[in-house]
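Chemist: My structure is below; once you've seen it, I'll send some questions.
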Amino acid sequence: MKKVLQGREKKKKDEQRKEEEARRARIEEGKQQRAQMGEARRKEEAQRKEAEHHATGKQRQSDRLCLQEEEAAWSRLGNLHQPAVLNLADLPKLSTAAIRARMEDTTNTKKQVFKELYRRWHPDKFMPKYAAFIAEDEREAIQEAVTKTFRCLKRYSDKLEEA
């Protein structure tokens, strides 16, 4: 009887040992899977950051291009001489990309950027300065476009201040 009990105990201990080994193997397998997943996540994160950096570089380039186009349009406006005619299509196109490019310039603060834009787009400043060049049939449309642009600029400025 003693040998039977010893055999059962031995069998029970062997089963417990095998269960413990299986449990440890599952734990080790889980660790390896987590390590692989972590490595995959790190690779994905690195790729995402690289793509973001690349996109940011392209975005900056695009922003600068928008700013250059806008500045060229303002330059054309500044060089108007009688009897030139200013149409709605001749107005510079203000874009958030150009504003971002202006703010990336370290020499200007956000306040200075918007102060300059307000001066350019304020209807009370724009209309007297360019009134002599505006086509009579487009005067009202240009007035409305300048006013709308100024209001959008003001809202954008307020939105940036809140953020």
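Chemist: Name the residues in region 1-26 that are surrounded by fewer than 10 Cβ atoms within 10 Å (Cβ to Cβ) and modelled with pLDDT of 75 or more, would you?
Modeler: Within region 1-26, no residue meets the criteria.
Chemist: Could you check region 135-150 and list, in sequence order, the residues that are of a type in the set (A, V, I, L, M) and at pLDDT below 90?
Modeler: Once the filter is applied, which keeps residues that are of a type in the set (A, V, I, L, M) and at pLDDT below 90, region 135-150 yields only A135.
Chemist: Report, ordered by the first and then the second residue, all pairs with beta carbons closer than 9 Å, sequence separation of six or more or different chains, a first member in region 123-139 that is under 15 Å from W74 (Cα atoms), and a second member that is of a type in the set (D, E, K, R) and exposed (fewer than 13 other Cβ atoms within 10 Å of the Cβ).
Modeler: K125/R119
Chemist: Please identify the pairs in which a residue from region 150-163 that is within 17 Å of K125 (Cα to Cα) has its Cβ atom under 8 Å from the Cβ atom of a residue that is not in a helix (DSSP H, G or I), counting only partners at least 6 apart or on another chain.
Modeler: Hits for this filter: F150/H122; C152/L94; L153/L94.
Rundown of residues vs (1) surrounded by 12 or more Cβ atoms within 10 Å (Cβ to Cβ); (2) modelled with pLDDT of 85 or more; (3) assigned to a helix (DSSP H, G or I); (4) out of contact with any strand residue (DSSP E or B) (no Cβ under 7 Å at 6 or more places or on another chain), yes/no style:
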| site | (1), (2), (3), (4) |
| --- | --- |
| M37 | no, no, yes, yes |
| D63 | yes, yes, yes, yes |
| T107 | no, no, no, yes |
| L117 | yes, yes, yes, yes |
| F126 | yes, yes, yes, yes |
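Chemist: Would you call K115 over 19 Å from E71 (Cα atoms) and out of contact with any helix residue (DSSP H, G or I) (no Cβ under 7 Å at 6 or more places or on another chain)?
Modeler: Taking the combined requirement at face value, the residue does not satisfy it.
Chemist: Another question about this same structure. Based on this model, can you work out whether T149 counts as within 27 Å of the chain's Cα centre (by Cα) and under 21 Å from V85 (Cα atoms)?
Modeler: Taking the combined requirement at face value, the residue satisfies it.
Chemist: Another one. Name the residue that is farthest from the chain's Cα centre (by Cα), counting only residues in region 62-82 that are within 15 Å of F126 (Cβ to Cβ) and not charged (D, E, K, R).
Modeler: L80
The values are calculated or read from the model by the stated rules, or taken from the named source; none is laboratory data. Treat the numbers as computed from the prediction; the structure is a model and nothing was measured. Please note: Cβ atoms are built from the backbone with ideal geometry, for glycine as well, and neighbour counts cover all protein chains shown.
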